[in-house]
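Down below is the structure, laid out as structure tokens.
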Amino acid sequence: VFSASANTVKIPSKTGVVYYVNGVRKGTGTHTYAGIGTVTTKASTGSYKLAGTQSWKFDNRNAVTPTKP
């Protein structure tokens, strides 16, 4: 789950799945990322197989409105 307003990526607890954010393995919980990145999943062992989407991109950059000159 991504929240651009809070700059967070929430990693769920799923048996047989390991999550990586920008190539770094992450545990269950909410992690702060104020930028762009990718979440990737992998099977935790050879006895598990993943089906469906296994990679998501997120963009937690905060939009700003420039002041008028």
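The values are calculated or read from the model by the stated rules, or taken from the named source; none is laboratory data. Please read all numbers here as calculations on a predicted model, not as lab measurements. All Cβ positions, even for glycine, are placed from backbone atoms using ideal geometry, and neighbour counts span all protein chains on display. Accessible surface areas use protein heavy atoms only, side chains included; no ligands, DNA or RNA. Shrake-Rupley method; radii C 1.70, N 1.55, O 1.52, S 1.80 Å.
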HN-Hα J couplings of region 11-23 from phi, Karplus 6.51/-1.76/1.60, θ = phi - 60°, integer Hz, Gly and Pro as x? 9, x, 8, 9, 4, x, 10, 10, 10, 10, 10, 6, x
If you place +1 on the Cβ of every Lys and Arg and -1 on the Cβ of every Asp and Glu, how big does the dipole about the Cα centre of the chain come out, in debye to the nearest 20? 60 debye
Considering only protein heavy atoms, what is the solvent-accessible area of Val1 at a probe of 1.4 Å, reported in Å² to the nearest 10? 120 Å²
Students often get this wrong, so try it: which of [x] 15.0, 61; [y] 19.1, 56; [z] 23.4, 71 is Rg and Dmax of the Cα atoms in Å as calculated from the structure shown? [x]
For the chain, the longest site-free run once trypsin sites (Lys or Arg not before Pro) in DSSP loop states with at most 13 other Cβ atoms within 10 Å are removed: 15-48
What residues of region 20-54 lie in the reach of a label at Asn62, counting those whose backbone N is under 20 Å from a point 7 Å from the Cα along Cα→Cβ? 30-37
Taking amide hydrogens as modeled 1.01 Å from N in the peptide plane, which residues meet the under 5 Å criterion relative to Thr8, leaving out close sequence neighbours? Ser3, Tyr33
Please work out how much accessible surface Thr41 shows to a 1.4 Å probe, ignoring ligands, DNA and RNA, in Å² rounded to 10. 10 Å²
List nothing, just return the count: lysine pairs in the chain, 8 or more apart or interchain, with Cα separation under 29 Å. 13
Amide H partners (placed H, <5 Å) of Lys26, local residues excluded: Tyr19, Tyr20, Val21
Once phi for every residue in region 39-48 is put through the Karplus expression 6.51 cos²θ - 1.76 cosθ + 1.60 (θ = phi - 60°), the whole-Hz ³J(HN,Hα) values, with Gly and Pro written as x, are 9, 10, 10, 9, 5, 6, 8, x, 7, 9
How much length, in nm to one decimal, is gained on full extension between Thr40 and Asn22, taken as 0.36 nm per residue of separation minus their Cα-Cα distance? 5.7 nm
